[in-house]
Amino acid sequence: METILVIEDMDPIRQAITAALAKAGFNVLQASNGKEGLKVALEEHPDILLVDIIMPGLDGIDMVGKLREDDWGKDAPVVMLTNVEDSDKIVAVQKYHVYDYLVKSNWELDDVVQHIKGKLEAIAEERSSANQE
């Protein structure tokens with residue numbers, strides 16, 4: 001069972017995403033801010049991280065930057081989930097090799113779950129191909 005870490009400061013959104021992913025059969029970890037999310041990620045090594053950009057304290061962009069400094073974290077799959085459609089933020093995130101950038105208002109929960117499933121399948125295929133070489 002794959003593990004997903006949801007890092008989102010807004011409790012109702014975090015709970016809704018967590019419930020939808022758990023219902024789809026994933027093990028879901030949660031964090032309510034970037035500092036906590038970084039700690040959980042580095043301790044638990046989830047299969048993929050869903051990270052909000054705008055959070056108090058350590059925001060999502062800075063959190064991913066710190067994650068990339070770690071041996072495990074440098075390759076950890078990250079999907080940014082946010083309400084920010086600011087092109088500067090998208091560019092800032094891309095330098096950290098983020099898998100995707102999803103704008104919350106453009107996605108239904110079921111779509112997010114399907115999107116994450118697709119990302120995890122693609123990651124598994126990449127790893128399988130790399131191991132066969």
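Here are the numbers for this structure:
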{"read-out": "At most 16 other Cβ within 10 Å, DSSP loop - GluC sites (Glu not before Pro), the range 23-87", "value": "GLU69, GLU85"}
{"read-out": "Heavy-atom accessible surface of the chain: percent carbon and sulfur, 1.4 Å", "value": "47 percent"}
{"read-out": "Structure-based [θ]222 nm, the chain - -39500 (n - 2.57) summed over DSSP H runs of at least 4, per residue, nearest 500", "value": "-15000 deg cm²/dmol"}
{"read-out": "Whether the range 1-61 is rounded, prolate or oblate, judged on the alpha carbon gyration tensor where a/c under 1.5 counts as rounded", "value": "oblate"}
{"read-out": "Column: log10 I(q)/I(0), Debye, Cα scatterers of the chain, q = 0.09, 0.11, 0.17, 0.18 Å⁻¹", "value": "-0.23, -0.34, -0.86, -0.97"}
{"read-out": "Top of LEU42, LEU81, LEU50 by mean-square fluctuation, Gaussian network on the chain, Cα under 10 Å", "value": "LEU42"}
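The values are calculated or read from the model by the stated rules, or taken from the named source; none is laboratory data. In this text the structure is predicted, and so the values were computed from the model without any measurement. Because the Cβ atoms are built from the backbone with ideal geometry, glycine has one as well, and the counts that use them run over all protein chains shown. Surface accessibility is based on the protein's heavy atoms, side chains included, excluding ligands, DNA and RNA. Shrake-Rupley method; radii C 1.70, N 1.55, O 1.52, S 1.80 Å.
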